[in-house]
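This report refers to the structure that appears directly beneath it.
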Amino acid sequence: GQSLEQPSEVTAVEGAIVQINCTYQTSGFYGLSWYQQHDGGAPTFLSYNALDGLEETGRFSSFLSRSDSYGYLLLQELQMKDSASYFCAGNYGQNFVFGPGTRLSVLP
Amino acid sequence: KAGVTQTPRYLIKTRGQQVTLSCSPISGHRSVSWYQQTPGQGLQFLFEYFSETQRNKGNFPGRFSGRQFSNSRSEMNVSTLELGDSALYLCASSLELAGHYEQYFGPGTRLTVT
């Protein structure tokens, strides 16, 4: 079946840059989304990559390499409010498969 | 534009009972998906509806069912509740833009089964 893998947790300091990686299975794959979820909150959409390359949205960028079945979310100029869980999600037609989530802790 | 709304926000049921959860998508969104989120299993896809038709279904038992109405509002039902059904149930609506899926999640319904 389809599954995605990402690190369980990442720690970084305020102002730093952090990269959260995600690998996915290629069968039926259309694109990769990223979501942020704060404790007690709902996931919020960050970005979507259907084509290879980098998509930039403010401090957040997302990258996809179809040949490597790999993508990443890059967070720059980290702020305390970025402490949250980040999920990659593979778009397999009308079915979204979420990764297990990466818990990002931003330290002062 | 109003966001995705889900009712109720919290629910406590006992084993064997059934429950119905409701989701109202963002105006204009015709696709509604349901997810179960638990600490152990993460976010798991339940099913997706588009124009009142179930387009896709995840790997959940038949006790989990859903439907979508003509106004795109959706309900999911869980019958014969089990302790393991305790979870956050999230609804997400989508605006399909030429191959680009962007899901907007509601706040969820926290279901506790005792």
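Every read-out reported here was derived from the displayed coordinates using simple, explicitly stated rules and does not represent laboratory data. What you see is a predicted model; the values in this text were computed from it and never measured. Cβ sites come from the backbone with ideal geometry, for glycine too, and all protein chains shown count toward neighbours.
If only residues of region B:55-75 that are more than 10 Å from every other protein chain (Cβ to nearest Cβ) and part of a strand (DSSP E or B) are counted, the one that is surrounded by the most Cβ atoms within 10 Å (Cβ to Cβ) is B:74.
Just to be sure I understand, how many residues within region A:87-103 are assigned to a strand (DSSP E or B), more than 7 Å from chain B (Cβ to nearest Cβ) and under 15 Å from residue A:26 (Cα atoms)? Residues flagged as assigned to a strand (DSSP E or B), more than 7 Å from chain B (Cβ to nearest Cβ) and under 15 Å from residue A:26 (Cα atoms) within region A:87-103 amount to 4.
One residue stands out in region B:39-54 among those that are of a type outside the set (D, E, K, R) and more than 21 Å from residue B:110 (Cα to Cα): the one that is nearest to the other protein chains (Cβ to nearest Cβ), namely B:50. Looking at the structure I just gave you, is residue B:67 of a type in the set (Lys, Arg), over 25 Å from residue A:29 (Cβ atoms), free of Cβ contacts under 8 Å to residues at least 60 places away in the same chain and in contact with a strand residue (DSSP E or B) (Cβ under 8 Å, 6 or more places away or on another chain)? So residue B:67 fits the description; yes.
Can you pull out every residue in region A:49-79 that is in a strand (DSSP E or B) and either closer than 13 Å to residue A:29 by Cα or among the charged types (D, E, K, R) (or both)? Of everything in region A:49-79, those that are in a strand (DSSP E or B) and either closer than 13 Å to residue A:29 by Cα or among the charged types (D, E, K, R) (or both) turn out to be A:49, A:55, A:56, A:64, A:65, A:70, A:71. Here are some residues: B:42, B:62, B:16. Which one is under 17 Å from residue B:92 (Cβ atoms) and more than 12 Å from the chain's Cα centre (by Cα)? The match here is B:42.
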